[in-house]
Amino acid sequence: MYKTIYIILLLRIHSTVCNNFCEAKGEQCNVNKHRYLLYDVNPPEGFNLRRDVYMRYAVFIHNLMKSSIPSLTKFKLILPPWTNLYHWKEQKLIQIPWSFFFDIDSLRKFAPVIEMHEFFDEIAPKYTKIKIDEVYVLQHFEDMFKTGIFEDKMEIQKCNKEIRTNFYYYNNITSDNIKCLSFHGHIIDLQNILKITEARTILFDHAEVALHNDFGNKIYWQARRSMRFNKQLQQLALQFRRKYLNSTDESDNTQLPEDWRDENHERAARGGPYLSVHLRQKDFIVGRPKDVPNLEHAVKQIKEILHIQGLSIVFIATDAPIKEYEKLKHYLKDFFVYRYTLDENLIDGQLAIIDQIICSHARYFVGTHESTFSFRIQEEREIMGFPIETTFNRLCGSDINSCHKPSVWKIIY
Ligand code: GFB
């Protein structure tokens, strides 16, 4: 009896909040209406850091779904389209959906995410303009860097820099309500904003400013495991492995269940009989010679690893220009050297993913110091269950023969 009254009371309170919200907007009220969380990242950031920012917001939304506050459980996360990435050759590529790279159904098994075009369909099927209800441009507290005293807090302040007023390179996505939010802390603190607003669409720009809440724990790894690659890219990588690298999931013991939620934590992956190398060059070779090798020094290290591991096939993933790769191949002429170049119809980001998939299936992997591209390969290998010592390896910088190994980020179930 008391229970029934309590539930009715709760429903009443909820419906009043909802009515206020809908009426204020001049819309017909619908208690089931979704709310939308959008985010975007500092434009120069690369693909693999953006993947990390996605995970922060996916975990955030995943946790909101468990909230006891009904209005917080209505959020969907909008996947920000990929535009003009700094490292992509085709600089005019704009608004590429996530499905080009990832398996969206798999992402949805972790968090309620939708593509931007689905958001358009849901929120404004009849309109040509979208005005985001509230935009918060995250920025660092300038005084914290001056004083060196860092504490978790957030505050609406004057904008430190010029801000964007239309979003995702769409002229028709704007807002009349943009504020700069100085922020230091973890992403969970953003809940405080969502709790006090009834806005239906909220965008956090420069979303990378908010830090992980759950870095490296079970939830983090669930989000990471849900980031399965687009099936077509997986297939292309598999064909290449079969054709050139004598590698299949059956022989390598790298089969994963169809659904990431059925994965287990057995460490039994063997990998294909090849060494994979992620050799990050371009901006890395200029800025970090002590940590990133030039070609000659990379070759010396690759030969040593091939010798120690008893392997004769090497797969190279690199952003080096083709001429540099040809040089490297020449230096390694006593071995079988491969690079993925088969499909000219793929865009840079897709080629990069195929490189990552092939690297992740090798018997032994060596990457580049502090490259997020290499980190993501290490994570794939953790998911497949490779022995630690075949994964967390890096090339040493030019003329340095021995260097610290990368930190080991073990998977948690
Ligand atoms: O992925 P990413 O953020 O890794 O940026 P880092 C590097 C981009 O370069 C990739 C291309 O997304 C690819 O487009 N790329 C790098 C590669 N290595 C390869 C490769 O082996 N194969 C292919 N196909 N493409 C960060 C940048 O780079 O480094 C930041 O994101 C910043 O903006 C920082 O510059 C210093 O972590 O390596």
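Restricting to the range 170-210, and then to whatever is of a type in the set (S, T, Y), at pLDDT 95 or above and more than 20 Å from Y54 (Cα to Cα), can you tell me which residue is most open to solvent (accessible area, probe 1.4 Å)?
Looking at the filtered set, the residue picked out is T174.
Restricting to the range 52-97, what's the tally of residues that are more than 15 Å from L37 (Cβ to Cβ) and open to solvent by less than 50 Å² (accessible area, probe 1.4 Å)?
Within the range 52-97, residues that are more than 15 Å from L37 (Cβ to Cβ) and open to solvent by less than 50 Å² (accessible area, probe 1.4 Å) number 11.
Condition (residue is touching a strand residue (DSSP E or B) at 6+ places or on another chain (Cβ under 9 Å) and at positive phi) applied to the range 232-248: is it met by at least one residue?
Yes: the range 232-248 contains one or more residues that are touching a strand residue (DSSP E or B) at 6+ places or on another chain (Cβ under 9 Å) and at positive phi.
Run T197 past the list (1) without any contact (Cβ under 8 Å) to a residue 24 or more places away in the chain; (2) assigned by TED's automatic domain parsing to the domain that holds Y39 and report the number of the one that doesn't hold.
(1)
Please determine, by comparing only the residues of the range 372-401 that are touching a strand residue (DSSP E or B) at 6+ places or on another chain (Cβ under 7 Å) and closer than 20 Å to G287 by Cβ, which one is nearest to the ligand (Cβ to nearest atom).
F373
Would you confirm whether any residue within the range 6-14 is away from the ligand (no atom under 16 Å from the Cβ) and modelled with pLDDT of 95 or more?
So far as the range 6-14 goes, no, none of its residues is away from the ligand (no atom under 16 Å from the Cβ) and modelled with pLDDT of 95 or more.
E380 versus (1) among the acidic types (D, E); (2) within 20 Å of R224 (Cβ to Cβ); (3) in contact (Cβ under 8 Å) with a residue 60 or more places away in the chain: which is the lone unmet condition?
With respect to (1) among the acidic types (D, E); (2) within 20 Å of R224 (Cβ to Cβ); (3) in contact (Cβ under 8 Å) with a residue 60 or more places away in the chain, E380 is out only on (3).
Residue-by-condition table, conditions (1) free of Cβ contacts under 8 Å to residues at least 12 places away in the same chain; (2) under 21 Å from the mean Cα position of the chain (by Cα); (3) under 22 Å from F373 (Cα atoms):
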residue: R228; (1), (2), (3): no, yes, yes
residue: Q234; (1), (2), (3): no, yes, yes
residue: P257; (1), (2), (3): yes, no, no
residue: D262; (1), (2), (3): yes, no, no
residue: A268; (1), (2), (3): no, no, no
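Tell me, which strands (runs of 3 or more DSSP E) lie completely within the range 266-366 with 2 or more residues that are of a type outside the set (D, E, K, R), closer than 16 Å to S398 by Cα and open to solvent by 10 Å² or more (accessible area, probe 1.4 Å)?
Correct list: empty, since no element meets the threshold.
Would you tally the residues in the range 30-47 being open to solvent by 10 Å² or more (accessible area, probe 1.4 Å) and either touching a His at 6+ places or on another chain (Cβ under 9 Å) or within 11 Å of the ligand (Cβ to nearest atom) (or both)?
8
So which residues in the range 232-262 are of a type in the set (D, E), open to solvent by less than 90 Å² (accessible area, probe 1.4 Å) and within 14 Å of A362 (Cα to Cα), if there are any at all?
D249, D252, listed by residue number.
Could you grab the pairs with beta carbons closer than 7 Å, sequence gap of 6+ or different chains, first residue in the range 326-355 and over 15 Å from Y244 (Cα atoms), second one among the charged types (D, E, K, R)?
I347/E90; D348/K89; D348/E90
With more than 16 Å from the ligand (Cβ to nearest atom), farther than 16 Å from A237 by Cα and not assigned by TED's automatic domain parsing to the domain that holds V286 as the only criterion, which of K333, K410 stands out?
K410
Please pick out the residue among D355, D348 that is within 15 Å of the ligand (Cβ to nearest atom) and modelled with pLDDT under 95.
D348
Looking at this structure, is F100 open to solvent by 20 Å² or more (accessible area, probe 1.4 Å), in contact with a helix residue (DSSP H, G or I) (Cβ under 6 Å, 6 or more places away or on another chain) and in contact (Cβ under 8 Å) with a residue 12 or more places away in the chain?
For F100, the condition - open to solvent by 20 Å² or more (accessible area, probe 1.4 Å), in contact with a helix residue (DSSP H, G or I) (Cβ under 6 Å, 6 or more places away or on another chain) and in contact (Cβ under 8 Å) with a residue 12 or more places away in the chain - is not met.
The values are calculated or read from the model by the stated rules, or taken from the named source; none is laboratory data. What you see is a predicted model; the values in this text were computed from it and never measured. Counting neighbours? That spans all protein chains shown, and the Cβs are built from the backbone with ideal geometry, glycine included. Each accessible area value is taken on the protein alone, full model and side chains, heavy atoms only, with ligands, DNA and RNA left out. Shrake-Rupley method; radii C 1.70, N 1.55, O 1.52, S 1.80 Å.
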